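In what follows, a structure is listed as structure tokens, so that the remarks can point back to it.
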Amino acid sequence: MTPPKPGYLPPVAPLRPMGAISPSRFTGMEACALREVWSANHAPGLTPASPAAWVGTAAHRLLEEAGQGAFNGPADERIPVRWHQLIDSAEEAMQRSWLERHLVPLSAAVPDFEVRRLRAVSRARQLAGESVVSKAALSGWHGAHHGYELAVRTPEGKAAGRIDAVLPGAHGPVIRDYKSGAIHESPTTTRIKRAYAIQLKLYAAIYQQMTGTWPERLEVMALSGEPEAVAFTPEECARLLEDAIGLLDHVNEIVQSAPDEVAAARRLATPAPSACGFCPYRPHCGPYIDASLSAPELRWPGDAWGRVAERRTLGNGRELIAVDSPRGPILLRGLTPGHDRHPVLGWLDVGDQVGIFGMRPGGSASSFTEGQLTVIYVLAAPGPG
Ligand code: SF4
């Protein structure tokens with residue numbers, strides 16, 4: 001298949017039923033099923049992933065490998081080397097995408113990159129030490145299923161996932177999930193994020209269905225600090241799993257029975273600033289566009305659609321685009337010139353229809369500036385070739 005031209009919106013990805021619900025996806029599916037169906041169908045994101053997310057993925061991978069015993073204890077100097085390899089791989093993948101190559105190097109794009117590196121390497125060293133001990137403990141432990149990156153699935157296959165670690169506790173398995181970002185609801189509380197607590201409870205229920213054993217303890221572990229317990233009861237975990245499978249069935253029924261994909265998308269979507277703010281499918285999402293136009297007073301992402309009314313180069317060499325949008329005129333200042341950062345700037349002209357996503361507020365409701373995640377698509381104008 002020919003890849004879409006940079007700056008042009010590719011065709012909307014098809015909606016297909018989901019095979020299984022993953023514990024890490026359940027709360028996302030509650031927030032917006034359309035986003036999760038697209039994601040489960042591997043629809044390509046249309047806005048850049050945040051550079052912090054790329055670093056988080058590298059950190060998580062390093063911890064996985066440390067837990068799986070890839071290193072010879074905490075002093076193994078391959079741990080910091082591996083961190084650099086993982087970051088290099090992430091940057092190579094980003095370089096291949098016109099959406100993300102401007103975010104390389106990650107060390108410049110993520111303000112606290114060095115803090116994250118130190119924490120990830122330090123935690124990986126700790127896990128490398130523990131994994132040597134755990135291996136010995138696990139070898140003499142007569143629990144059912146255990147280990148790192150343990151694949152779990154309910155018997156009928158409707159819920160499945162991969163648990164970071166299932167370790168032996170004094171009275172049964174301990175299910176542990178590693179997180180590369182903040183684990184609390186806010187900096188002023190010690191309450192574990194709802195999504196993480198639900199994810200662990202769903203793992204517990206799936207694990208029980210697979211092995212017949214309830215875990216003794218559920219834990220979340222951040223890059224720094226001690227593991228924190230998530231309180232649970234078997235009844236609530238079982239109920240959550242029932243809810244998750246019920247939601248999967250409901251969503252699949254919509255996908256299969258809707259007369260067409262537009263109708264399915266409208267039934268699946270639940271646009272809201274909290275759900276759409278980090279959604280990479282906004283450029284394709286009709287329900288989001290309609291909702292943000294009909295309730296402009298809400299704090300929607302900095303996106304706009306409309307006809308280019310003016311384009312000019314500013315005194316500082318940066319570009320300005322004025323757009324007549326359904327919400328009124330908007331101004332986007334401070335655009336990086338040239339078409340490396342924004343391919344459409346190679347040919348964009350007055351009168352073209354554009355969609356601009358991820359703008360930063362610029363001092364008034366109609367004024368914006370370029371941010372790290374700003375992307376511009378031509379919607380209905382012919383490009384070169
Ligand atoms: S933009 Fe909003 S409504 Fe549309 S798929 Fe994403 S989260 Fe759902």
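The values are calculated or read from the model by the stated rules, or taken from the named source; none is laboratory data. These numbers come from a predicted model, not from an experiment. Methodologically, a virtual Cβ is constructed for each residue, glycine included, from the backbone with ideal geometry; neighbour enumeration extends over all protein chains shown.
For segment 53-72, the criterion of a residue being without any contact (Cβ under 8 Å) to a residue 60 or more places away in the chain, within 16 Å of the ligand (Cβ to nearest atom) and either in a loop (DSSP other than H, G, I, E, B) or farther than 30 Å from Gly129 by Cβ (or both) is satisfied by no position. Among the residues of segment 232-242, at least one is basic (Lys, Arg) and either assigned to a helix (DSSP H, G or I) or exposed (fewer than 13 other Cβ atoms within 10 Å of the Cβ) (or both). Among the numbered criteria (1) more than 30 Å from the chain's Cα centre (by Cα); (2) free of Cβ contacts under 8 Å to residues at least 24 places away in the same chain; (3) surrounded by 15 or more Cβ atoms within 10 Å (Cβ to Cβ), which one does Asn316 miss? The single condition Asn316 does not satisfy is (3). Exactly one residue among Thr270, Thr336 is among the β-branched types (Val, Ile, Thr) and within 9 Å of the ligand (Cβ to nearest atom), and that residue is Thr270. Would a scan of segment 341-358 turn up a residue that is assigned to a helix (DSSP H, G or I) and hydrophobic (A, V, I, L, M, F, W, C)? Within segment 341-358, one or more residues are assigned to a helix (DSSP H, G or I) and hydrophobic (A, V, I, L, M, F, W, C).
Please tell me if His60 is out of contact with any strand residue (DSSP E or B) (no Cβ under 6 Å at 6 or more places or on another chain), at pLDDT below 95 and at positive phi. No.
Taken together, Asp303, Asp324, Asp290, Asp352 contain a single residue that is under 29 Å from Ala53 (Cα atoms), of a type in the set (Asp, Glu) and either touching a residue at least 24 places away in the same chain (Cβ under 8 Å) or more than 10 Å from the ligand (Cβ to nearest atom) (or both), which is Asp303. The set of residues in segment 248-261 that are in a helix (DSSP H, G or I), crowded, with 16+ Cβ neighbours inside 10 Å and out of contact with any strand residue (DSSP E or B) (no Cβ under 7 Å at 6 or more places or on another chain) comprises Val251, Asn252, Ile254, Val255.
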